[in-house]
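One structure is given here, and the rest of the page talks about it.
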Amino acid sequence: MPIKNPKDVFLMMLTDVRQGAEKAEKVYEEVGELAEDPQVKEALKARAFVAGNSIAKLDECFRILGEQPSKLSGRLQETLIEDFRRELAEIQGPVARRVFALVKLNHLAQFRAGEYRALAAAADLVGHPGVSLLLETCLAERLAFVERTQKFLRNVVETKIAERAATA
């Protein structure tokens, strides 16, 4: 797809975010099936559900714009997922694995939040306030992911510290 103007850049970025949301939904479902902790399993299933809703909102953005997502390589997401799986496989302790996974999920959520902020601004730039509103709702969901992940990470750390204190 040749990029000639700001709208073309916006459509390319929107396509990339949509592809990322599709991959995220699949990863959340996959990891959720493997999770042993019921709370983690529930949280990942909820994230997969929210990611699916984001895809629907992104599809609505394309409908409003009268456009279709283009085909992009998606190499960044694939590389991140491959690295995550490889690095996680090397970590043997259950608490360390959980902390690593939470930190990586937080990184991804922060990255996506930044993309949604940029896309909402770009939607306004190309004259589509309705699209901007839909993107801002996706941003709010990403920020909720960040908050929940940070809360879960704090709980893991506080539990481990309490266990250490109890044995000291």
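The values are calculated or read from the model by the stated rules, or taken from the named source; none is laboratory data. Keep in mind that what you see is a predicted model, and the values were worked out from it rather than measured. So basically every Cβ, Gly included, is an ideal-geometry build from the backbone, and we count neighbours across all protein chains shown.
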Take the residues in segment 1-48 that are in a helix (DSSP H, G or I) and among the polar types (S, T, N, Q), then tell me which one is modelled with the lowest pLDDT.
Q39
Just the residues that are over 17 Å from G130 (Cα atoms) and among the hydroxyl-bearing types (S, T, Y), please, taken from segment 27-71.
Y28, S70
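Among L72, L65, which is over 20 Å from V99 (Cβ atoms), crowded, with 17+ Cβ neighbours inside 10 Å and either in contact (Cβ under 8 Å) with a residue 40 or more places away in the chain or more than 14 Å from the chain's Cα centre (by Cα) (or both)?
Working: L72 fails: crowded, with 17+ Cβ neighbours inside 10 Å.
Of the residues listed, the single one that is over 20 Å from V99 (Cβ atoms), crowded, with 17+ Cβ neighbours inside 10 Å and either in contact (Cβ under 8 Å) with a residue 40 or more places away in the chain or more than 14 Å from the chain's Cα centre (by Cα) (or both) is L65.
Being over 17 Å from Y28 (Cα atoms), within 19 Å of the chain's Cα centre (by Cα) and in a helix (DSSP H, G or I) narrows it down to one residue among A165, A144, A109, A120; which is it? First the steps, then the outcome.
Numbers: A165 fails: within 19 Å of the chain's Cα centre (by Cα); A144 fails: over 17 Å from Y28 (Cα atoms); A109 fails: over 17 Å from Y28 (Cα atoms).
Residue meeting the stated conditions: A120.
Anything in segment 79-106 that is in contact (Cβ under 8 Å) with a residue 12 or more places away in the chain and under 15 Å from the mean Cα position of the chain (by Cα)? List them, or say none.
From segment 79-106, those in contact (Cβ under 8 Å) with a residue 12 or more places away in the chain are 80-81, 84, 87-88, 95, 98-106; that's our starting set.
Result: L80, I81, F84, A101, L102, V103, K104, L105, N106.
Scan A56, A51 and give me the residue that is surrounded by fewer than 15 Cβ atoms within 10 Å (Cβ to Cβ), of a type in the set (A, V, I, L, M) and part of a helix (DSSP H, G or I).
On the way: A51 fails: surrounded by fewer than 15 Cβ atoms within 10 Å (Cβ to Cβ).
Selected residue: A56, the only one of A56, A51 that is surrounded by fewer than 15 Cβ atoms within 10 Å (Cβ to Cβ), of a type in the set (A, V, I, L, M) and part of a helix (DSSP H, G or I).
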Note on R97: of the conditions (1) surrounded by fewer than 17 Cβ atoms within 10 Å (Cβ to Cβ); (2) closer than 16 Å to V17 by Cα; (3) basic (K, R), unmet is (2)
